[in-house]
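Visitor: Submitted below is the structure of interest, expressed as C-alpha cells.
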Amino acid sequence: MERYEPKKIEPKWQKTWLDRGCFRAADRDEGNNQYVLIEFPYPSGVGLHIGHPRPYTGMDVLARARRMQGYNVLFPIGWDAFGLPAENYAIKNNIHPAEVVRQNVEHFRKQIRRLGYSFDDTREVNTTDPAYYKWTQWIFLKMFEKGLAYKANMPVNWCPSCKCVLANEEVIGGLCERCESPAERRDKSQWMLKITEYAQRLLDDLALCDFPARVAAQQKNWIGRSEGAEILFPLAGTEETLRVYTTRPDTLFGATYMVISPEHPLIDRYKGMIRNFAEADAYRKAAARKSDFERTELIKEKTGVRLDGINAVNPATGGEIPVFASDYVLMSYGTGAIMAVPGHDARDWEFARTFGLPIVEVVKGGDVTKEAFTGTETGIMVNSGFLDGLEVDDAKKKITGWLRDKSLGEPVVRFKLRDWVFARQRYWGEPIPIVHCPACGMVPLPEEELPLRLPDVRNYRPTDTGESPLAAITEWVNTTCPKCGAPAKRETDTMPQWAGSSWYFLRYTDPDNPDTLASKEALRRWMPVDWYNGGMEHTTLHLLYSRFWHKFLYDIGVVEQPEPYKKRTSHGFILGSDGTKISKTKNNGMDPDEVVRDYGADTLRLTILFIGDFEKGCQWSDKAIKGCRRFLERVWVTAHEAAERGGSLTPGVEIKLHQTIQKVTEDIEELKFNTAIAAMMSLLSAYEKGCTRGDMRVLLRLLSPFAPHICEELWAAYGEKGLCCEAGWPQYDPAKTVEDTVELAVQINGKLRGTVVVPRGCGGDEAVAAALATERIAAAADGRAPFKSFVVPDKLVNLIFKG
RNA sequence: GCGGACAUGGUGGAAUGGCAGACACGUUGGUCUUAGGAGCCAAUGGGCAACCGUCCGGGUUCGAGUCCCGGUGUCCGCACCA
C-alpha cells in the first residue's frame, strides 16, 4: 500500500475534473436546476486569504452533494476586479491596472484550483471586461432614462486619502471603510441613484426572501421606515413657514423652541432679519469644518446659536418660540429642521438645559425635571389643550387630523435610506456613458456605442481637485454630442465598485451573450439564485444594492422575478488563533497555500469546516488540522484494507451506516458541516476490525463533497466505473436507521437514576414495568408503586414517587 | 440609545424541552520502537463517596443548557434619524 500523499493525487484529479468538464452546468430545463452562488472575490494582490476558503468550501460541499443527488448545478465564479486597490497598486508599481488585474486573476485562479472547488470553468465573468461592463453601462443608461440616475449638488463624504467620494454605506463611524481616514464633507455635483424610490418595496419584499433574521433585521433598520407628520410652523413677521418632520406630533403642545441644521437655507434667506448673523455664520462655518467623525465624537456637548430676531409660532398653542441653529440637527434627514420638545426627547432636553429653555411636560409618566420622558406605551396627555386625557396613540391621530383640517400639516412616511452616491473620481471603474453638451445638457450615449471603453493611458493618478484622472485625457474627454453633433465633453467620473457586482449573477447564466446582458431563456432557466451565501458585511451594501438593481430590471421587463435571491445564508467570520482579527503582522492566521502544501487541500477543506458552526464566527487553530489529517489517513488505510473484503456491508455497523447517511445528507442542507464530518469520523471508528469495500463505497461518496481528491483516488483504486464525484448519492433506508431494542433513560422524580433496555416501540406500561424490574430502580422504589409516571416512547421513563 | 447574536470541560465545539460534554485537540497511562514530536489501545467535567455540575437570580414544567422574567458580561450592526 502506498502512503497517502495528497501532493501526488490532488493535482491529478483537479486536472481530470477540468478535462472532463465535470462541473459545467448544462443549459437544459428538466426541472432539476440549482443555482448555488458565492460572492465573487476581489482579486487582490496578496492572493487568497483565510476569508475565502470557508464560504467557498461550504458552498462547494453543497454544490457537489447536489450534483451527486442528480441536480443540474450552476456553481460559478468570477472576478470583481474594478476598484481602488488594483489602481493604487498600479500607481505604486507603475503597471497598468488591467495588467495588475490579469496577473491577480491568474494567481487567484491557480490558488482556487488547488483547493479543488467545483466551479464551472466556462462561465467566469470579469467586471473589468468591456464585454461585461458594456451591460453595467447599459443598465445605468436605462436608469438614467427612467430618471433614477441623476446628478445633484450634494454634500458628500470625501476621503482625503483615497481622494474619492464615499457612499454613506462606505463610511463606518465617520471613517473611510477602506483606509480609516476621517471622512470630510464636501459639496460636489454627484451622480446619484434613486434607491429611495424603492425603499418601501425593498422593505416589503423582505417577506419574499428567505434571509437569516439578522440580515432581514439589518436591512430593515437601514431602510429605517418611520411614520410621523410634517408640521408647518409660521415664522412671526413673515409669510413663510418652517416645515418640520416629527414622529411625535402628539407632543406638539410641548414644542418650546425650534432647531434648524446649520446648513439650512433659511439662514441665508433671512440674513437681514437675523440680528446676530455674524455669530450664526461663524457657527455654521465651524460646523462645516467638522467631519462627521468629529460631530459624532462630540455627542455629549450640545452646541448651537440662537437666530436672534427670528421666532416661530407653535401652531397648537399660538405662542411664539425661539429658533436655533445646531449641528445636532442634520440637513440630510427629514426637513433639516425640528420642533424641539425637551420634555420628551433626550437630545432636546439636553439642549434646553444647556440654553436654559423651558421644559414642558405633555405626557404623564416620567419626571421631566430630571430627564426626558420618551416612553410612548401608556402615556396620558397633559398641558395639551384639546389633547388632554388622551393616550399617546389617540393623541397622534387627533392632532394629525386637526393639522390636516387647518392645512398646517399632514401624515408622512420617512426613510433613513439615502440615495446612492454613484460616482468615484478615479480611473479604474466603469466610465459613465454620458456626454455633457453645452446646448443639450446631459446626453446619454446611444446604446450602439457601448461599451464606452476606458482610455488606455499612462497617468491614472487621482487629483486633489476632486476631479477624475480621466478629466486630464483631453482626446478622450472631448467628443461630440450624440444629439446635436456639437463639441461636447464626456463625463469623467467612473462608477463605484458596487456597480459591477449588482448584477453579476445574471451574467453567469449566459456569460458570452453579445446581444443582451443574458437571454430570456437563460434567466428563466437559472433565476432566481437558489442559494446565495455571503458575508454579513455586505448586508447593507451589495445585498441591498443588488436587490434594488434587480427590482429595476424587473420593472423594465429584463428579469421575471422581483427578487434575485431565494435564500441567503451568511458564514461566520474567522478569527485568528488568539481570538482577534487575522493579520499578517500578528501571525495568528494561516496561509491556504501553506496548508495545502503541508497537509493537502482535502485536509484544509475538512479542517475549515470542522472547526466550528459554519454560520457562526469561529477561531482558527492549527491544532484542528491534525485531527482532520489523521482522519483522512485512517480513511486511506481502512479503504485499502477493505479492498479485498467484498461488497456486502459489515453486519454490526449497518444501522450506524444508515444513520450516518441520513445525518450527513441532512446536515449538508443545514450547513452543519462540522457535525456531518463528526458523524463520518464516528462511523469510521465504529469499524473496529476494519470494514468492507461495500461499506467504503458508501463512506467515500458521503465524504467526497468534503474531501473530493482522496475519495476520487480510492474510488478509482476500487476499479469503480466513472468518477466518485459523479456517482449517485447514497440512500438510506429509514427502517434501517433504528435498532430493535432501545435503552431508556429512567428517572425518579426527574433525576436520572439508571437505564433499561426494552424492545423498540414498547408501550408505556411495559416500559414502566421494565424500569421497576431493574435492581437499582427497585431499590429506590422500595416496594412502592409510582404515584405517577411519564413515558417518552423509546427515550425515557420518569417515575414520580410521593414523599 | 436602538437592533441582532452569544455565554457549555484544560481547548475548539456537540446536544427537535427528555441519559450534558458527540467529534476533535490537548493531557495521562499502556503498547510498538535504537528512537518517538509517528501509529495503535485505554482513561480524561468536578468529587473518595453520596452527589454536584451548562454566566448569575427567579419562574414555567413530571423533566430546562434549551422556554419565560430580571441581571451580568462578550461580540456584531446602526446611531444627535427628530
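Visitor: Considering only residues that are surrounded by fewer than 17 Cβ atoms within 10 Å (Cβ to Cβ) and touching a residue at least 40 places away in the same chain (Cβ under 8 Å), which ones fall in region A:735-754?
Guide: A:K736, A:V738, A:E739, A:A745, A:N749, A:G750
Visitor: Having 2 or more residues that are surrounded by fewer than 20 Cβ atoms within 10 Å (Cβ to Cβ) and β-branched (V, I, T) is the bar; report the strands (runs of 3 or more DSSP E) wholly within region A:418-501 that clear it. Steps first, answer last, please.
Guide: On the way: elements: A:434-437, A:441-444, A:478-480, A:487-490.
Ranges flagged: A:478-480.
Visitor: Test A:V100 against the stated conditions and say whether it is hydrophobic (A, V, I, L, M, F, W, C) and in a strand (DSSP E or B). Break it down into steps so the answer makes sense when it comes.
Guide: Values: hydrophobic (A, V, I, L, M, F, W, C): yes; in a strand (DSSP E or B): no.
No; evaluated as a whole, the condition is false for this residue.
Visitor: Which of the residues belonging to region A:794-803 are open to solvent by 50 Å² or more (accessible area, probe 1.4 Å) and under 16 Å from A:E766 (Cβ atoms)? Spell out how you get there, then give the answer.
Guide: Start the filter on region A:794-803 by keeping residues that are open to solvent by 50 Å² or more (accessible area, probe 1.4 Å), which leaves A:795, A:802-803.
The answer is A:K795, and nothing else.
Visitor: In addition: What are the residues in region A:45-71 that are more than 19 Å from A:G534 (Cβ to Cβ) and among the hydrophobic types (A, V, I, L, M, F, W, C), if any?
Guide: A:V46, A:A65, A:M68
Visitor: Sticking with this one: Does any residue of region A:592-614 turn out to be open to solvent by less than 50 Å² (accessible area, probe 1.4 Å), within 12 Å of RNA strand B (Cβ to nearest atom), under 18 Å from the mean Cα position of the chain (by Cα) and modelled with pLDDT under 85?
Guide: Checked against the condition, which is being open to solvent by less than 50 Å² (accessible area, probe 1.4 Å), within 12 Å of RNA strand B (Cβ to nearest atom), under 18 Å from the mean Cα position of the chain (by Cα) and modelled with pLDDT under 85, region A:592-614 yields no hits at all.
Visitor: For region A:358-381, which positions are open to solvent by less than 30 Å² (accessible area, probe 1.4 Å) and not in a strand (DSSP E or B)? It would help to see each step written out before you state the result.
Guide: Of the residues in region A:358-381, the ones open to solvent by less than 30 Å² (accessible area, probe 1.4 Å) are A:362-363, A:368, A:372, A:375, A:379, A:381.
Answer for region A:358-381, where residues must be open to solvent by less than 30 Å² (accessible area, probe 1.4 Å) and not in a strand (DSSP E or B): A:V362, A:V368, A:A372, A:G375, A:G379.
Visitor: Further question on the same structure: Of the residues that make up region A:328-344, is at least one within 15 Å of RNA strand B (Cβ to nearest atom), within 29 Å of A:C159 (Cα to Cα) and outside any loop (DSSP other than H, G, I, E, B)? Walk me through how you get there before you give the answer.
Guide: First, the residues of region A:328-344 that are within 15 Å of RNA strand B (Cβ to nearest atom): A:328-344.
Next, only the ones that are within 29 Å of A:C159 (Cα to Cα) stay: A:328-337.
With outside any loop (DSSP other than H, G, I, E, B) added as a condition, the list becomes A:337.
Checked against the condition, which is being within 15 Å of RNA strand B (Cβ to nearest atom), within 29 Å of A:C159 (Cα to Cα) and outside any loop (DSSP other than H, G, I, E, B), region A:328-344 yields at least one hit.
Visitor: From (1) surrounded by fewer than 14 Cβ atoms within 10 Å (Cβ to Cβ); (2) under 25 Å from A:D530 (Cα atoms), pick out the condition that doesn't hold for A:E239.
Guide: Of everything listed in (1) surrounded by fewer than 14 Cβ atoms within 10 Å (Cβ to Cβ); (2) under 25 Å from A:D530 (Cα atoms), A:E239 misses just condition (2).
Visitor: Suppose we filter region A:212-228 for residues that are part of a helix (DSSP H, G or I) and charged (D, E, K, R); how many remain?
Guide: Taking region A:212-228 first, the residues part of a helix (DSSP H, G or I) are A:213-223.
Of the ones still in play, those that are also charged (D, E, K, R) are A:214, A:220.
So the answer is 2.
Visitor: Continuing with the same structure: Specify the residue that is surrounded by the fewest Cβ atoms within 10 Å (Cβ to Cβ); the eligible residues are those in region A:760-793 that are under 26 Å from A:T737 (Cβ atoms) and near RNA strand B (Cβ under 9 Å from one of its atoms). If you could, list the steps in order and put the result at the bottom.
Guide: Here is the first cut: in region A:760-793, the residues under 26 Å from A:T737 (Cβ atoms) are A:760-764, A:766-767, A:770-771, A:790-793.
Applying the additional criterion that residues be near RNA strand B (Cβ under 9 Å from one of its atoms) yields A:790-792.
Working: A:F790: 14, A:V791: 19, A:V792: 12.
Looking at the filtered set, the residue picked out is A:V792.
Visitor: Please find, within region A:248-281, the residue that is farthest from A:E410 (Cα to Cα) out of those that are among the small types (G, A, S) and free of Cβ contacts under 8 Å to residues at least 12 places away in the same chain.
Guide: Pass one, region A:248-281, residues among the small types (G, A, S): A:254-255, A:261, A:272, A:278, A:280.
From what's left, free of Cβ contacts under 8 Å to residues at least 12 places away in the same chain: A:272, A:278.
Values: A:G272: 31, A:A278: 35 Å.
So, considering only residues that are among the small types (G, A, S) and free of Cβ contacts under 8 Å to residues at least 12 places away in the same chain, the one farthest from A:E410 (Cα to Cα) is A:A278.
Visitor: For A:W476, state whether it is more than 21 Å from A:T127 (Cα to Cα) and among the aromatic types (F, W, Y).
Guide: Details: more than 21 Å from A:T127 (Cα to Cα): yes; among the aromatic types (F, W, Y): yes.
In short, yes.
Visitor: Taking region A:619-635 as the search range and keeping residues that are more than 15 Å from A:S685 (Cβ to Cβ) and assigned to a helix (DSSP H, G or I), which one is most open to solvent (accessible area, probe 1.4 Å)? Reasoning before the result, please.
Guide: We begin by selecting, within region A:619-635, every residue more than 15 Å from A:S685 (Cβ to Cβ); these are A:619-626, A:629.
Now restrict to residues that are assigned to a helix (DSSP H, G or I): A:622-626, A:629.
Values: A:D622: 96, A:K623: 173, A:A624: 25, A:I625: 5, A:K626: 121, A:R629: 42 Å².
For region A:619-635, the residue satisfying everything is A:K623.
Visitor: Let me ask another. Name the residues in region A:701-734 that are basic (K, R) and touching a residue at least 12 places away in the same chain (Cβ under 8 Å), would you?
Guide: Here is the first cut: in region A:701-734, the residues basic (K, R) are A:701, A:721.
Correct list: A:R701 only.
Visitor: Looking at (1) open to solvent by 30 Å² or more (accessible area, probe 1.4 Å); (2) in contact with an Asp or Glu (Cβ under 6 Å, 6 or more places away or on another chain); (3) within 16 Å of RNA strand B (Cβ to nearest atom), can you tell me which one A:G534 breaks?
Guide: Failing condition for A:G534: (1).
Visitor: Do we find that A:Y42 is in a helix (DSSP H, G or I), among the aromatic types (F, W, Y) and under 30 Å from A:A90 (Cβ atoms) in this structure? Spell out the reasoning first.
Guide: On the way: in a helix (DSSP H, G or I): no; among the aromatic types (F, W, Y): yes; under 30 Å from A:A90 (Cβ atoms): yes.
For A:Y42, the condition - in a helix (DSSP H, G or I), among the aromatic types (F, W, Y) and under 30 Å from A:A90 (Cβ atoms) - is not met.
Visitor: Looking for something of a type outside the set (D, E), assigned to a strand (DSSP E or B) and within 30 Å of A:P564 (Cα to Cα) - is there at least one such residue anywhere in region A:229-252? It would help to see each step written out before you state the result.
Guide: Of all residues in region A:229-252, those of a type outside the set (D, E) come to A:229, A:231-238, A:241-249, A:251-252.
Filter once more, so that each one left must be assigned to a strand (DSSP E or B): A:229, A:231-235, A:241-246.
Of the ones still in play, those that are also within 30 Å of A:P564 (Cα to Cα) are none.
No: zero hits.
Visitor: For A:K616, only one of the following conditions fails: (1) within 25 Å of A:T569 (Cα to Cα); (2) in a helix (DSSP H, G or I). What is its number?
Guide: Looking at each condition in turn, A:K616 falls short on (2).
Visitor: Go through region A:77-97 residue by residue and tally those that are assigned to a loop (DSSP other than H, G, I, E, B), touching a helix residue (DSSP H, G or I) at 6+ places or on another chain (Cβ under 8 Å) and buried (at least 19 other Cβ atoms within 10 Å of the Cβ). I'd like the intermediate steps shown before the answer.
Guide: Residues of region A:77-97 assigned to a loop (DSSP other than H, G, I, E, B): A:77-78, A:80-83, A:94-96.
Applying the additional criterion that residues be touching a helix residue (DSSP H, G or I) at 6+ places or on another chain (Cβ under 8 Å) yields A:77-78, A:80-82, A:95-96.
Next, only the ones that are buried (at least 19 other Cβ atoms within 10 Å of the Cβ) stay: A:77-78, A:80-82.
Of the residues in region A:77-97, 5 are assigned to a loop (DSSP other than H, G, I, E, B), touching a helix residue (DSSP H, G or I) at 6+ places or on another chain (Cβ under 8 Å) and buried (at least 19 other Cβ atoms within 10 Å of the Cβ).
Visitor: Quick check on this structure: which one of A:A643, A:A707 is within 28 Å of A:K15 (Cα to Cα), crowded, with 19+ Cβ neighbours inside 10 Å and away from RNA strand B (no atom under 13 Å from the Cβ)? Working first, answer last.
Guide: Details: A:A643 fails: crowded, with 19+ Cβ neighbours inside 10 Å.
Checking each option against the conditions leaves just A:A707.
Visitor: Looking at A:D120 and the list (1) closer than 22 Å to A:H571 by Cβ; (2) in a helix (DSSP H, G or I); (3) charged (D, E, K, R), which single condition is not satisfied?
Guide: With respect to (1) closer than 22 Å to A:H571 by Cβ; (2) in a helix (DSSP H, G or I); (3) charged (D, E, K, R), A:D120 is out only on (2).
Visitor: Also: Tally time: how many residues in region A:236-274 are out of contact with any Lys or Arg (no Cβ under 7 Å at 6 or more places or on another chain) and either modelled with pLDDT of 95 or more or within 13 Å of RNA strand B (Cβ to nearest atom) (or both)?
Guide: Keep residues of region A:236-274 that are out of contact with any Lys or Arg (no Cβ under 7 Å at 6 or more places or on another chain), which gives A:236-244, A:246-248, A:251-261, A:263-266, A:268-274.
Still in the list and also either modelled with pLDDT of 95 or more or within 13 Å of RNA strand B (Cβ to nearest atom) (or both): A:242-244, A:246-248, A:251-261, A:263-264.
Within region A:236-274, residues that are out of contact with any Lys or Arg (no Cβ under 7 Å at 6 or more places or on another chain) and either modelled with pLDDT of 95 or more or within 13 Å of RNA strand B (Cβ to nearest atom) (or both) number 19.
Visitor: Counting only residues that are open to solvent by 30 Å² or more (accessible area, probe 1.4 Å) and not in a helix (DSSP H, G or I), which one in region A:657-686 is nearest to A:R629 (Cα to Cα)?
Guide: That would be A:K672.
Visitor: Now for a different question. Considering only region A:150-186, state which residues are open to solvent by 50 Å² or more (accessible area, probe 1.4 Å), within 13 Å of RNA strand B (Cβ to nearest atom) and in contact (Cβ under 8 Å) with a residue 40 or more places away in the chain.
Guide: Hits for region A:150-186 are A:P155, A:N168, A:G173, A:R185.
Visitor: If you don't mind, there's one more thing I want to ask. Please verify whether A:V757 is loosely packed, with under 14 Cβ neighbours inside 10 Å, aliphatic (A, V, I, L, M), touching a residue at least 12 places away in the same chain (Cβ under 8 Å) and within 16 Å of RNA strand B (Cβ to nearest atom), treating the condition exactly as stated.
Guide: Values: loosely packed, with under 14 Cβ neighbours inside 10 Å: yes; aliphatic (A, V, I, L, M): yes; touching a residue at least 12 places away in the same chain (Cβ under 8 Å): yes; within 16 Å of RNA strand B (Cβ to nearest atom): yes.
Yes.
Visitor: A:G557 versus (1) at pLDDT 95 or above; (2) in contact with a helix residue (DSSP H, G or I) (Cβ under 9 Å, 6 or more places away or on another chain); (3) of a type outside the set (K, R); (4) not in a helix (DSSP H, G or I): which is the lone unmet condition?
Guide: Result: A:G557 fails condition (2) only.
Visitor: Identify the residue in region A:338-351 that is modelled with pLDDT under 95 and hydrophobic (A, V, I, L, M, F, W, C) and, among all such residues, is farthest from A:R275 (Cα to Cα).
Guide: It comes out as A:A346.
Visitor: Moving on to the next point. Hey, A:Y257 hits all of (1) among the hydroxyl-bearing types (S, T, Y); (2) farther than 30 Å from A:T354 by Cβ; (3) open to solvent by less than 10 Å² (accessible area, probe 1.4 Å) but one; which does it fall short on?
Guide: All conditions are met except number (2).
Visitor: Do you know which residues across region A:76-104 are β-branched (V, I, T) and within 24 Å of the chain's Cα centre (by Cα)? Full working, then the answer.
Guide: Just the residues of region A:76-104 that are β-branched (V, I, T), to begin with: A:77, A:91, A:95, A:100-101.
Passing the criteria: only A:I77.
The values are calculated or read from the model by the stated rules, or taken from the named source; none is laboratory data. What you see is a predicted model; the values in this text were computed from it and never measured. Because the Cβ atoms are built from the backbone with ideal geometry, glycine has one as well, and the counts that use them run over all protein chains shown. SASA here: full protein model, heavy atoms, side chains in, ligands and nucleic acids out. Shrake-Rupley method; radii C 1.70, N 1.55, O 1.52, S 1.80 Å.
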